[in-house]
1. What ³J(HN,Hα) values, in whole Hz, does the Karplus curve 6.51 cos²θ - 1.76 cosθ + 1.60 give for region 447-459 when θ = phi - 60°, with x put for Gly and Pro?
2. Karplus couplings for region 376-386 from phi (6.51 cos²θ - 1.76 cosθ + 1.60, θ = phi - 60°), rounded to Hz, Gly and Pro as x?
3. May I ask which residue of 293, 93, 589 lies farthest towards the positive end of the charge dipole of the chain, with charges of +1 (Lys, Arg) and -1 (Asp, Glu) on Cβ and the Cα centre as origin?
4. Between residue 396 and residues 5 or more places away or on another chain, which pairs have amide H atoms under 5 Å apart, with H built 1.01 Å from N, and which residues are they?
5. Between residue 355 and residue 594, what's the calculated FRET efficiency when r is the beta-carbon distance and R0 is 22 Å? Round to 0.05.
6. For the chain, what relative contact order do you get, as a whole percent, if you take Cα pairs closer than 8 Å and at least 6 residues apart?
7. Just how far, in whole angstrom, is region 321-385 from region 403-450 if you go by their alpha carbon centroids?
8. Taking the Cα centre of region 242-385 as origin, work out the dipole magnitude from +1 charges on Lys and Arg Cβ and -1 charges on Asp and Glu Cβ, in debye rounded to 20.
Amino acid sequence: MRSITALLLAACIGSATGWAAAQAPSPSAADSQAARLHALFDAEWEWAMRTFPEWATLSGDHRYDDRLSDESRAARDAIDAHQRETLAKLEQIDRAGLSATDRVSYDLMLAKTRERIEGQQFRGERALVVTAQQGPHLGFANLMRASPAATERDLENILARMAALPKQVDQTIEQLREGVALGWVTFKPSLERVPAQIDGVLVADVTKSPLFDPFTRMSDAIPAPTRERLAQQAQRALRDEVYPALRRLRAFVVDTLLPIAPQDGAMSRYPGGRAAYEYALRTHTTTPLSAEQIHAIGLREVKRLRGEMETQMKLAGFDGGFDAFVAHLNTDPKFFYADAQSLLAGYRDIGKRIDPELPKLFAELPRAPYGVRAIPAHEGVGVSERYQGPAADGTTAGWFEANVVALGERPTWQMETLMAHEAVPGHHLQIARALELKDLPHFRRNAWYTAYIEGWALYAETLGTELGLYADPYSRFGHLQMQAFRAARLVVDTGIHALGWTRQQAIDWMTERTGFKREYVQAQVDRYYVWPGQATSYMIGALEIVALRDRARAALGDRFDLRRFHMAVLDTGPVPLSVLALQIDDWIAAEQARTK
């Protein structure tokens, strides 16, 4: 398999000599420039925590737990202006006067800032702020779930956020109005799911709402009369402020957006949408690959993986065709759990089998633990399993979240590869490790480059055999099916947004090639419509990590150590694939020198 590294290097933020071989600056110059750079890093982090207080909470910074982000037009314009000001400050720093490590950090912030400024032109696409995947109807419930409830102050902060939500919802509606004026409205099949999602949190008994969650887990250290007072205040706030605001959002979706929502949500159908899609592909894959190139890679990988899936079907002793085998796997009761708690226990068992095997593949493991819990039921059957990272301050664990309301679509033979992707050695191992890289600035430890993060998680699935997973043809089939599904995304995402595919064509093609249930595929295809380009990053990233591993093994021969290679990948922190390639080249050179 040909590496895509050559294409990546062409788009590299800096030249190879700029990254690794530039002459070291004098100590005085380095100190001066480094001090300016790190002051800017610190100032940017503080600005981000203030400006996006929800993110601060999730990151373990609780100074702003009583606030919500300002979504007004003026605030969004101020954020855009801030990015331009940051670029000017970065360009005033002499890159040549930085150490090698600081040059990497400088180049990453410079490139990301330029990328954000480039994205400012896509105002219509940026106005699609309510879908079946995002919006205050989902985000606020998730924030409540993640908010601390150990002290009276914690609960007072949550009450302040409840009081602030109506304003944020009204600002969100104004953003949606801007989108309408610009010709950008979320496409109908996704938008149609939103009213039911809102209804799922507006339950008649407010104490049963996901929005009441913090008040169900108040610490016993808070006096009982105080807990009762806070709970009563929360119920009033939900009834009198939060519920009416979310009802306004629901009414706007139903009365204003749905009647004009397009049935075809392809980016190419929107004003300036093709350029917006090309931008999305670049930002998500961190490569210059075109839609046509990505489409071709997907076709190649789907063909390869489909052949391997059929091999496992034969090893299972099944005499019928592929469709009949898939039907058997999706209907035989022995492949399904009967209740939510059993499904969660099944995932926990897999995790406990993986954990003791991890030292075989990793020289160091993160300290943060992870747990398994259910995705809130109000989000619906179409939501995929996911991961929520630990707080940077160590106060919360990471979480693998499973969909337990779609038991009929969660067969046991898929569970091992899902656990490997979302928890260990996938997202949890990578994200928790990144947070521990204290020599890197905050923005690098918390960076989100989709191709790196999702690419690592998809690559991590392929390590399952070494970890004792996929011991029977059914689980091996499930692993290969999931890989094929991620490869099919390359075809479908580019097909619908750039190559003229219809929604039905995408659903039919993906269902037939992967063997996933049509209902699940439909929900996934609708996700690609409202999150363009994101789904292409998984396989592009995984293929590059495999290519880099093969390159390192070829260069080092018997001196190649897989455990050390994995740490070299993880200890860069999240980076664009072009940067990862250069960092691995440096690691190869260092390993050659170390093992002479």
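The values are calculated or read from the model by the stated rules, or taken from the named source; none is laboratory data. If you're wondering where the values come from, they're calculated on a predicted model, not measured in any experiment. With ideal geometry, Cβ positions are generated from the backbone for all residues, glycine too; neighbour counts draw on all protein chains shown. Side chains are part of the model used for accessible areas, which takes the heavy atoms of the whole protein and leaves out ligands, DNA and RNA. Shrake-Rupley method; radii C 1.70, N 1.55, O 1.52, S 1.80 Å.
1. Here the 3J(HN,Hα) series is 5, 10, 9, 4, 5, 6, 5, 6, x, 4, 5, 5, 4 Hz.
2. 3J(HN,Hα) across region 376-386, in whole Hz: x, 4, 5, 6, x, 6, x, 7, 7, 4, 7.
3. Farthest along the dipole direction, towards plus: 293.
4. 391
5. Efficiency for this residue pair is about 0.15.
6. 18
7. 13
8. I would put it at about 400 debye.
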